[in-house]
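Here is the structure we will look at, set down as structure tokens.
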Amino acid sequence: MSDITQIRVWVETANVQGAGTDSWIYLSIAGREFCLDPGSGNDYFAQGAKTCFVLGEQGGSDNGEPGFTNVQVSDAEWNDPRKPQLDTEDLELAPAYIRFAKAGSNPPWCVERVKVGVRSATGEESRFDNLRLRQAQENRRLWLHDLYGERLFLYSVTSG
């Protein structure tokens, strides 16, 4: 097993009316939750937005996904997989998911796709995805809200 040095989270908000949100969005992985954007006023979850959140080690502007904007998470010091140091062994011990926490004047959020890449100190990368959201179409999106579900679970995948 190896130390986790970086987590990248590719979030695509659907490009449909009312899809964007002002709510707080969290990633849970390796037994820990991370806040992706705590009400910073940025449009990272706006309708049609494609954002790659980087947690932990920074480096390079290429996030591996064309059309996505790279951003370091807010409060990066506190949203770092190296504090406390997480290990790749932790990835299989707890479920991975995106969690919605209602806030602001525009709470619902329509998720088109979420993928996660976890990089270790040895350079290995683990990937997480929800394969039901792989194709961009009406029945392959998920609306999150406290009235109809707050979590999107992610599963370990080999590629994609």
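The values are calculated or read from the model by the stated rules, or taken from the named source; none is laboratory data. Every value quoted in this text rests on a predicted model; they were computed, and no experiment measured them. Heads up, the Cβs are rebuilt from the backbone with ideal geometry, glycines too, and the neighbour counts pull from every protein chain shown. The accessibility values were calculated without ligands, DNA or RNA, using every heavy atom of the protein model including side chains. Shrake-Rupley method; radii C 1.70, N 1.55, O 1.52, S 1.80 Å.
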TODO: Name the residues whose placed amide hydrogens come within less than 5 Å of the amide hydrogen of Asp37, ignoring near sequence neighbours (fewer than 5 apart) on the same chain.
DONE: Ile25
Task: Backbone HN-Hα couplings from phi across segment 149-157 [Karplus 6.51/-1.76/1.60, Hz, Gly and Pro as x] - done: x, 10, 10, 10, 7, 10, 10, 5, 10
- [ ] Please give the net charge around Val157, taking every other residue with its beta carbon less than 14 angstrom from that of Val157, where Lys and Arg add +1 and Asp and Glu add -1.
- [x] +2
- [ ] Give, rounded to the nearest 20 debye, the magnitude of the charge dipole that segment 52-160 has about its Cα centre when Lys and Arg contribute +1 at Cβ and Asp and Glu contribute -1 at Cβ.
- [x] 520
- [ ] Mind sorting out which of (i) 32; (ii) 37; (iii) 62 is the real percent of Cα pairs over 23 Å apart computed from the coordinates?
- [x] (i)
TODO: First compute the accessible area of the chain with a 1.4 Å probe, then give the percent of it belonging to carbon and sulfur atoms.
DONE: 45
- [ ] Determine, for each peptide in 67-73, 108-114, the mean count of other beta carbons within 10 angstrom over its residues, then list the peptides with the highest first.
- [x] 108-114, 67-73
Open item on the list: Restricting to Cα pairs below 8 Å that are 6+ residues apart, what does the relative contact order work out to for the chain? Please round to a whole percent.
Closed with: 31
TODO: Roll a 1.4 Å probe over the protein chains and send me the accessible area per residue for the chain in Å².
DONE: 50
Task: Interchain or long-range residues, amide H under 5 Å from Leu154's placed H - done: Ala96, Tyr97, Ile98
TODO: Quickly work out the Lys102-to-Ser74 label distance, labels modelled 7 Å from Cα along the C-beta direction, and quote it in nm with one decimal.
DONE: 2.0
TODO: Please give the length that would be gained between Val157 and Ser2 if that part of the chain were fully extended, namely 0.36 nm times their separation in residues minus their C-alpha to C-alpha distance (nm, one decimal).
DONE: 54.0 nm
